[in-house]
Amino acid sequence: MTRPSRCRTRPVRQGSSSSVASRKGDTASEDRLALLIGTGRARIMRALEMPKTTTAVAQSLGLAKSTVSQHLVVLTSAGIVWRQRLGGRVFYQLDHSGFALLEQLGD
């Protein structure tokens, strides 16, 4: 015997959209990459077409270095971004799969 669900669903009013993205505006609903991986990660991916440090990405996007660093850990773990240490600096750039994902969903 199954227990009744404690989750409540809200009825969707006619004329309103059930999509979160479409409620944010036309730009968000058109950005498929941001819908898939999040706005912050999508912005970072677009910034990494050329190798950059965490600091350079953060400055170019107006984000905190810690935020960019956390996103880069996830993107690197997913195999979308590669990292390379040169002396005391670490550079990040899109990997082949990152470029493919950007090509398919990023425009």
Check: What FRET efficiency do you get for residue 93 and residue 30 if R0 is 35 Å and r is their Cβ-Cβ distance, rounded to the nearest 0.05?
Finding: 0.85
Check: If r is the Cβ-Cβ distance from residue 85 to residue 39 and R0 is 35 Å, what FRET efficiency results, to the nearest 0.05?
Finding: 0.80
Item checked: For segment 25-107: accessible area per residue (Å², 1.4 Å) -> 59
Next item on the list: Using a Förster distance of 30 angstrom, determine the FRET efficiency expected from the C-beta separation of residue 69 and residue 100, and round it to 0.05.
Entry: 0.80
Next item on the list: Report in % the part of the accessible area of segment 27-86 that belongs to carbon and sulfur, leaving out ligands and nucleic acids; probe 1.4 Å.
Entry: 53
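The values are calculated or read from the model by the stated rules, or taken from the named source; none is laboratory data. Remember, it's a predicted structure, so these values are computed and weren't measured experimentally. Neighbour counts run over all protein chains shown; Cβ positions are idealised from the backbone, glycine included. To get the accessible areas, we keep the full protein, side chains included, count just its heavy atoms, and leave off ligands, DNA and RNA. Shrake-Rupley method; radii C 1.70, N 1.55, O 1.52, S 1.80 Å.
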